[in-house]
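Taking it in order: structure first as structure tokens, then the write-up.
Where a number appears in this text, it was derived from the coordinates with a stated rule and is not lab data. All figures in this text were calculated on a predicted structure; none of them were measured in a lab. Virtual Cβ from ideal backbone geometry, glycine too; neighbours counted across all protein chains shown.
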């Protein structure tokens, strides 16, 4: 792991920064990474830049930060990795994070209020203020900053980012796939699935021990996200049998979803299958530097 220490002329904001650059950010947008490093180096009294090559080096850099303020240059996955590491080290309460969003998946960063331009985001690190934010912790010690989605329908941004990454890494594969599609016989059009087939699930959703929906009522989607005041916000969309059905909503500190084996998406990560999972809301559990 490469480490570079630089001294700046100004000591206006955080005196010492530990800048951890995610390798995906370096590969996908090296120019934004360079700009962010230049702005941070010019604005802080002392900046140490770490260039980890893998998740193990990423974790080691955070563990060895000392008194330096950690700044992650990376996308949603890098942010989530950093928060998870600090949470599992039981250091999240006493360590605020700063993030310069760079990379293919930035939906969570935008929803949290982080600027997505390299200059604006780096200036926010130097001039912004730390805000304490709620999060969810599940019964496997995982954390959720944005939203849990069941089923784990990927966002268009994520799908395009993954497709772009594969195309950049294997241009020959894209050529072969195009040739195969040209030579293969046309497939018959798919028939749309009707109610009660794909895209539905039978789940029990309990909020603070009270059942919001039970197994006898199929649902199209469930979402759980950190709200405010240490409460999770829950929305269940029942399967519509004709006229549109209003979603069921509730707030509470503890949310348990159980039923047949199901997968779920927590921020940028798809997990499962599981039979049951419980999420607990924690108020002001982590600190993030945001523009003032």
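Of note:
- Overall form of segment 2-127 per C-alpha gyration tensor (a/c, 1.5; a/b vs b/c): rounded
- With the highest mean first, a sort of the peptides 125-134, 268-277 on other beta-carbon atoms found within 10 angstrom per residue produces 125-134, 268-277.
- When both bridge partners sit in segment 2-127, DSSP labels roughly 30% of those beta bridges antiparallel.
- Among 215-221, 72-78, the order from most to least packed when residues are scored by Cβ within 10 Å on average: 72-78, 215-221
- Taking other C-beta atoms within 10 Å as the exposure proxy, 95, 50 rank 95, 50 from fewest upward.
- Principal axes of segment 78-146: Cα extent on each, largest first, Å: 37, 26, 16
- Viscosity 0.692 mPa s, temperature 37 °C, Stokes-Einstein D of segment 199-275 from Kirkwood C-alpha radius, µm²/s: 253
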